[in-house]
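The values are calculated or read from the model by the stated rules, or taken from the named source; none is laboratory data. Note that the coordinates shown come from a computational prediction; the quantities given were computed from them, not determined experimentally. Methodologically, a virtual Cβ is constructed for each residue, glycine included, from the backbone with ideal geometry; neighbour enumeration extends over all protein chains shown. For accessibility, only protein heavy atoms count, side chains too; no ligands or nucleic acids. Shrake-Rupley method; radii C 1.70, N 1.55, O 1.52, S 1.80 Å.
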Protein chains: 2
Amino acid sequence: MKVIKNVRSVRDFSRKAKKLGKTIGFVPTMGYLHEGHLSLVRHARKKCDIVVVSIFVNPIQFGPKEDFKKYPRDIKRDRKMLSSMGVDVLFAPTVKEVFKGDFSTTVEVKGLSDRLCGASRLGHFAGVTTIVSKLFNMVEPDVAFFGRKDFQQLVIIKKMVEDLNMGIDIVGLPTVREKDGLAKSSRNKYLSPAERRSAAGLNKSLRLAGNLVKRGVKDSRKLIGEMKRLISTYRPKIVIDYIAVCDPKTLEHKKTVAGSTLIALAAYIGRARLIDNILVGGKK
Amino acid sequence: MKVIKNVRSVRDFSRKAKKLGKTIGFVPTMGYLHEGHLSLVRHARKKCDIVVVSIFVNPIQFGPKEDFKKYPRDIKRDRKMLSSMGVDVLFAPTVKEVFKGDFSTTVEVKGLSDRLCGASRLGHFAGVTTIVSKLFNMVEPDVAFFGRKDFQQLVIIKKMVEDLNMGIDIVGLPTVREKDGLAKSSRNKYLSPAERRSAAGLNKSLRLAGNLVKRGVKDSRKLIGEMKRLISTYRPKIVIDYIAVCDPKTLEHKKTVAGSTLIALAAYIGRARLIDNILVGGKK
């Protein structure tokens, strides 16, 4: 596995490979890899000739009071994992290499970026779409892989790629979970053992909503009410940021579940802000 | 010359050419071509294996009260000109092909886009950077050519390409002028014969400033004053939008000419809004 730290080299590598007719699969990450990331890498390995994984903790997608500095990092461990999986290139640039001089360009998907997580994390998704644009321009992949845990991010990136004619296939893959249902996340590291047990309540509440929908409950307010009731029983306390029942494409709120519907939530447990979601009401 | 109307075909063409090791030069235009455009095409023809010219009057860079609908168009004439110059591809998509569905993504260079023309044309440069991003993603050129008449546009596009790591060479080429100095522009068509004569005052005022600088006048206010005085003598009247003495990279106002300095102006003559600029105070 090649480890590349600068933009020019990764682009050169990519352009050479393309001239040889190879397809390039790209998995952008912030590192501290878990099974969720590895599942993306595995898919990329299956689908593409060349697999590039980036590790870059992107400062511009963190708010001033958020966890940029504390975000967990372990590049040595990540490197070993990726190397053993047959990744061709680990692209791990420094912040200085990525943001040079008086950086002042923003790529933004309006509307979609203001909802759900966007409402509590102002500017977050502009930070995401800007860095993903940059990484796409550096790596020039044919296909890029993202997890469905960050459902809103996936929807926004798909929209950006379509709107800006990026000519890249965006593949979304299922959330990987712990045995008790908790979505794998680098931020789970922030949880104490007790908080970790409590965190299972998030996915439990989503599965409860899924079961209620199957049993005919369609009213969003009722579903959210039941989820809140369940979540309130967990200790240490889960502090809900939002629970939303919405259209999986536009992310607009739905009053009732009709057709494929996204139920998404964000909540604080201790210092960790965690997210999860479920699709309900669809045909299969 | 191939005439291509849809995004997929132009990208396919481009990717095939690249796999054969060809370099692609790109000249994005809004059509109604004049010598300024043709000079860009000629340079592209000299520097690159394949030359792609786009003609697309981009609605999102016009304000609601601006001249989108009236903007001059003559695709037949343009087509003949380009074909006779050995252009490989004319890419001329419809507005529907370019802006599909609920388009909602913006690429924006903050700061640079708010100054000079950006102050009187709110959102104009965001419209420019968004469409140029799209066209770059469609055509995937190695080099793109822009005229220096639109100096601010050139600065902003260079900054965007750098900030977003687009991996495209941006080449700026000198303004092509009429005999009396008026910068060639599709919008000159709006001028009546009398207005056309008056329009010479714009470039005259810039050359006056250039000569004053050579003779040791460095104070921006003084220079702008002299330019205004000269412009005020022209009939039909020239209505100045702005005259700015500024840094050619940051576009920030300079109180005195020291080192390479941009003097830029915009003015209305009849219904035409015209722009022009000159670099002064540099070493050569």
- [ ] With a point put 7 Å past each Cα toward its Cβ, work out how far B:Arg207 is from A:Asp12 in nm, to one decimal.
- [x] 4.7 nm
Task: Cβ-placed point charges (K, R +1; D, E -1), dipole of chain B about Cα centre in debye, nearest 20 - done: 800 debye
- [ ] Quick one: net charge around A:Ser104, please, counting Lys, Arg +1 and Asp, Glu -1 for every other residue with C-beta under 15 Å from its C-beta.
- [x] -1
TODO: Percent of Cα-Cα pairs per 10 Å bin, from 0 to the last occupied bin, for segment B:186-276, please list those.
DONE: 17, 49, 27, 8
Task: Electrostatic dipole magnitude of segment B:197-284 [Cβ: Lys, Arg +1; Asp, Glu -1; Cα centre; debye, to 20] - done: 280 debye
Task: B:Leu38 accessible area, assembled protein chains, probe 1.4 Å, Å² - done: 20 Å²
Task: Pairs beyond 20 Å (Cα-Cα), from A:Lys2/A:Lys22; A:Lys70/A:Lys134; A:Lys158/B:Lys19; A:Lys22/B:Lys19 - done: A:Lys70/A:Lys134; A:Lys158/B:Lys19
TODO: Would you mind giving the total buried accessible surface between chains B and A, with a 1.4 Å probe and ligands, DNA and RNA left out, rounded to the nearest 100 Å²?
DONE: 2400 Å²
- [ ] Find out how many positive minus negative residues lie around A:Arg79, taking Lys and Arg as positive, Asp and Glu as negative, among other residues whose Cβ is under 15 Å from that of A:Arg79.
- [x] +3
- [ ] May I ask for the Kirkwood hydrodynamic radius of the protein assembly as shown, worked out over all distinct Cα pairs and given in angstroms to one decimal?
- [x] 26.4 Å
- [ ] Pull out a ≥ b ≥ c, the square roots of the eigenvalues of the alpha-carbon gyration tensor of segment A:219-266, then state rounded if a/c is under 1.5, prolate if not and a/b is larger than b/c, and oblate in the remaining case.
- [x] prolate
- [ ] For segment A:109-130, state which residues have at least 50 Å² less accessible area in the presence of all protein chains than in their chain by itself, taking the probe as 1.4 Å and leaving out ligands, DNA and RNA.
- [x] A:Lys110
- [ ] Work from the charge dipole of the protein assembly as shown (Cβ charges, +1 for Lys and Arg, -1 for Asp and Glu, about the Cα centre) and give the residue of A:Ser113, A:Val257, B:Met30 farthest towards its positive end.
- [x] B:Met30
Open item on the list: Please report, for A:Ser84, the nm distances (one decimal) from its label point, 7 Å out from Cα along the beta-carbon direction, to the equivalent points in the remaining copies, shortest first.
Closed with: 6.9
Open item on the list: Given a 1.4 Å probe and heavy atoms of the protein chains only, how would you sort B:Val51, B:Val239, largest accessible area at the top?
Closed with: B:Val239, B:Val51
TODO: Would you calculate the separation in nanometres between label points at B:Arg77 and A:Lys19, each defined as 7 Å from the Cα along the Cα-to-beta-carbon direction?
DONE: 4.2 nm
TODO: Please list the equivalent ellipsoid semi-axes of segment B:186-235, computed as the square roots of five times the alpha-carbon gyration tensor eigenvalues, in descending order and whole angstrom.
DONE: 25, 10, 8
Open item on the list: Given a 1.4 angstrom probe, I'd like the percentage of the accessible area of the protein assembly as shown that is carbon and sulfur, rounded to a whole number.
Closed with: 52 percent
Open item on the list: Suppose only helical runs count, i.e. DSSP H with n ≥ 4. What mean residue ellipticity at 222 nm does that imply for chain B under -39500 (n - 2.57) per run, divided by all residues and rounded to the nearest 500 deg cm²/dmol?
Closed with: -11000 deg cm²/dmol
Task: Largest-first principal axis extents of the Cα set of segment A:4-133 (Å) - done: 42, 30, 28
Open item on the list: Give me a comma-separated list of calculated 3J(HN,Hα) values for segment A:53-59, in order, Karplus coefficients 6.51, -1.76, 1.60 applied at θ = phi - 60°, integers in Hz, x for any Gly or Pro.
Closed with: 10, 9, 10, 7, 7, 8, x
Open item on the list: Only four residue types carry charge here, +1 at the Cβ of Lys and Arg and -1 at the Cβ of Asp and Glu. Report the dipole size of the protein assembly as shown about the Cα centre in Debye, rounded to the nearest 20.
Closed with: 220 debye
Open item on the list: Along the charge dipole of the protein assembly as shown, pointing to its positive end and built from +1/-1 on Cβ of Lys, Arg, Asp and Glu, which listed residue (B:Leu154, B:Ser185, B:Val143) has its Cα farthest out?
Closed with: B:Val143
TODO: Before anything else, pin down the relative contact order of chain A: Cα pairs under 8 Å, at least 6 apart, normalised by residue count, whole percent.
DONE: 17 percent
Open item on the list: How compact is chain B by the rule of thumb for globular proteins, expressed as Cα Rg over 2.2 N^0.38 Å?
Closed with: 1.02
TODO: Please give the per residue volume of the convex hull enclosing the alpha carbon atoms of segment B:98-204, rounded to a whole number of Å³.
DONE: 135 Å³
TODO: Could you pull the copy-to-copy label distances for A:Thr256, with points set 7 Å along Cα to Cβ, in nm to one decimal and sorted shortest first?
DONE: 7.6
Task: Nearest-first distances (nm) between copies at B:Arg207, label 7 Å from Cα via Cβ - done: 8.1
